[in-house]
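Right, one structure below, let's go through it.
The values are calculated or read from the model by the stated rules, or taken from the named source; none is laboratory data. Quick caveat: nothing in here was measured; it's all calculated off a predicted structure. FYI the Cβ positions are ideal-geometry reconstructions off the backbone, even for glycines, and counts take in every protein chain you see.
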Ligand code: PBG
């Protein structure tokens, strides 16, 4: 392949030629929209670091869920902000808890919309860690039964899929077994399998009010320096019964996505997290980036690296652009 026999520009000359040879396509079907549900009525509180994203009470969540469904987006993922937190995160498993109430309301109003729930304790614990503490450490095995209870309570409320994001070892297997025993064998698990201890979650912690009161999450989330370890995490979760494997964050970890795509046949999801959104949004608001171009480029790059599904705060905008 050498010049002038080969000229890369020949197939780039016109829009229709570019369309014909395009390798990667983004579709509305690939998108999952995250939402933050809070107690009260008529509440729609802006999240300062995430322009356009809100903490909303159930009435507003339902309104937005209808809009999301109307745009053709197949699924939402829900995060709950409870009115009280305690050491064991008991709000996470309450039958009338914030998430359980939100699930029921959405399934009632928009039954066709797939409701995925984030299974974790950090939004519900007073210390902000993702599990039960023993001294200053999160106790893996003591946390598993609580996560199991949480996943079951989401299933009972009508969730269509659960997504454990806590990074405890063995949680996918424990949740799978409990769901099967309780007659929820049909309920898929999307595992936050390859989840890094990332500074890009900063804005989410404002959104979900889940900043750890001391220390950080490096004792259970993955070291950003490790790529190969992602394969081990993903393989373990597949063996334990995960149906969809997630990599998180997305843009700084495209290499990891590509490796997993080459090694696994399960559907792969990537989470374009809060900090990725804030970073792009901040530059867009200053007029430094063209919004549609930079958002579509970032989502296409995540697809190209191997993601089938993308969790993104840009889902509604992307759907509008894709729908023309
Ligand atoms: C809960 C959870 C987090 C995110 C999703 N689920 C925060 C964390 O692990 O600290 C981050 C999502 C985002 O940044 O958009 N553990």
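Residue check, residue 254 against (1) assigned to a helix (DSSP H, G or I); (2) surrounded by fewer than 17 Cβ atoms within 10 Å (Cβ to Cβ); (3) away from the ligand (no atom under 15 Å from the Cβ), all met but one. Which one? Of everything listed in (1) assigned to a helix (DSSP H, G or I); (2) surrounded by fewer than 17 Cβ atoms within 10 Å (Cβ to Cβ); (3) away from the ligand (no atom under 15 Å from the Cβ), residue 254 misses just condition (2).
Here is a list: 180, 160. Which entry is under 26 Å from residue 96 (Cβ atoms) and in contact with a strand residue (DSSP E or B) (Cβ under 7 Å, 6 or more places away or on another chain)? Going through 180, 160 in turn, the sole match is 160. Restricting the stretch 121-132 to residues that are within 12 Å of the ligand (Cβ to nearest atom) and over 17 Å from the mean Cα position of the chain (by Cα) leaves a set whose member that is farthest from residue 40 (Cα to Cα) is 131. The residues listed here are 170, 135; of these, the one that is on the phi > 0 side of the Ramachandran plot, without any contact (Cβ under 8 Å) to a residue 40 or more places away in the chain and away from the ligand (no atom under 16 Å from the Cβ) is 135.
Restricted to helices (runs of 4 or more DSSP H) entirely inside the stretch 1-120, those with at least 2 residues that are at pLDDT 95 or above and over 22 Å from the mean Cα position of the chain (by Cα) are 15-20, 98-109.
Looking across the stretch 274-294, the residues that are crowded, with 19+ Cβ neighbours inside 10 Å and either outside any helix (DSSP H, G or I) or more than 17 Å from the chain's Cα centre (by Cα) (or both) come down to 280, 281. Within the set 62, 68, 162, the sole residue that is under 30 Å from residue 323 (Cα atoms), touching a helix residue (DSSP H, G or I) at 6+ places or on another chain (Cβ under 6 Å), crowded, with 19+ Cβ neighbours inside 10 Å and in contact (Cβ under 8 Å) with a residue 12 or more places away in the chain turns out to be 162. Within the stretch 195-209, one or more residues are assigned to a helix (DSSP H, G or I), on the phi < 0 side of the Ramachandran plot, in contact (Cβ under 8 Å) with a residue 40 or more places away in the chain and touching a strand residue (DSSP E or B) at 6+ places or on another chain (Cβ under 7 Å).
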